[in-house]
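Report on the structure given below.
Computed from the coordinates by the stated procedures, all read-outs in this text should not be read as laboratory data. What you see is a predicted model, and the numbers here were worked out from it, not measured in a lab. Neighbour counts run over all protein chains shown; Cβ positions are idealised from the backbone, glycine included.
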Amino acid sequence: MITIKNLTIDDMKEAIQLKIKCWTEELAEKAENTLDYSKELEFWVNWMNLADENEDIRLLIGAFEDDKMLGVAFASFAETEDIPEKGIELNGLWVYPDQRGKGVSLKLIAHILNFFKSVGKEKIVIYNHHYAPSNHFYRKFGADVIRQDNQMGGKLLIDVFMSDIDVFKTNIEKSLLKFSCF
């Protein structure tokens with residue numbers, strides 16, 4: 001059975017390795033992978049530990065089967081320039097390639113949406129590479145591109161998605177019904 005749990009500092013080591021693995025895949029040779037494991041680990045552990053200081057809730061969760069990590073997701077309050085109030089941002093969602101198509105991403109997102117809905121949040125923003133296959137995933141569940149940004153010195157086009165949490169949550173939960181492992 002797959003369970004969702006908060007990540008520990010030790011889990012973060014594997015989570016960042018997974019992020020770097022997926023980042024390289026997502027770039028699809030559109031831009032050079034410049035992520036450094038040590039810097040990424042330091043950044044995200046710091047980010048995790050500074051939530052209270054920044055008056056934020058930062059949810060870093062993993063999907064596990066027994067003790068094996070299948071995927072991770074990070075979420076927090078959205079920046080006010082994206083959503084002025086009552087919004088969250090999906091800061092990252094990474095699933096091992098051999099675990100895709102099994103509902104892991106759906107379960108992680110559903111957990112995030114349920115948690116943030118319980119504290120009064122209403123909208124979600126998601127930044128994703130324009131050429132990433134996962135763009136279809138976000139559209140399928142009710143997110144719309146509200147703008148595009150350029151990152152990495154203009155080498156990487158980013159789609160900025162927005163959705164109502166209730167719409168996104170309902171669509172995700174409907175799709176989760178076909179998986180018996182949850």
| message | Show the residue pairs meeting these rules: Cβ distance below 6 Å; 6+ apart or different chains; first residue within the range 46-57 and not β-branched (Val, Ile, Thr); second residue not in a loop (DSSP other than H, G, I, E, B). | response | Met48/Leu60; Asp56/Ser76; Asp56/Phe77
| request: From the list Val125, Val167, pick out the single residue that is assigned to a strand (DSSP E or B) and either touching a Ser or Thr at 6+ places or on another chain (Cβ under 8 Å) or not basic (Lys, Arg) (or both). | output: Val125
| field | Where Asp159 falls short, out of the listed (1) acidic (Asp, Glu); (2) crowded, with 16+ Cβ neighbours inside 10 Å; (3) touching a Gly at 6+ places or on another chain (Cβ under 8 Å) | value | (3)
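Check the range 4-16 and report whether any residue there is of a type in the set (Lys, Arg), touching a residue at least 40 places away in the same chain (Cβ under 8 Å), touching a helix residue (DSSP H, G or I) at 6+ places or on another chain (Cβ under 9 Å) and assigned to a helix (DSSP H, G or I). I'd like the intermediate steps shown before the answer.
Quick first cut of the range 4-16, residues of a type in the set (Lys, Arg) only: 5, 13.
Filter once more, so that each one left must be touching a residue at least 40 places away in the same chain (Cβ under 8 Å): 5.
The next check asks that each one be touching a helix residue (DSSP H, G or I) at 6+ places or on another chain (Cβ under 9 Å); those that pass are 5.
With the extra rule that they be assigned to a helix (DSSP H, G or I), the set shrinks to none.
No, that holds for no residue.
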| Which of the residues that make up the range 128-164 are in a helix (DSSP H, G or I) and in contact (Cβ under 8 Å) with a residue 60 or more places away in the chain? | Ser134
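Listed residues Ile4, Ile83; which is under 16 Å from the mean Cα position of the chain (by Cα) and of a type outside the set (D, E, K, R)?
On the way: Ile83 fails: under 16 Å from the mean Cα position of the chain (by Cα).
Exactly one residue qualifies, and that residue is Ile4.
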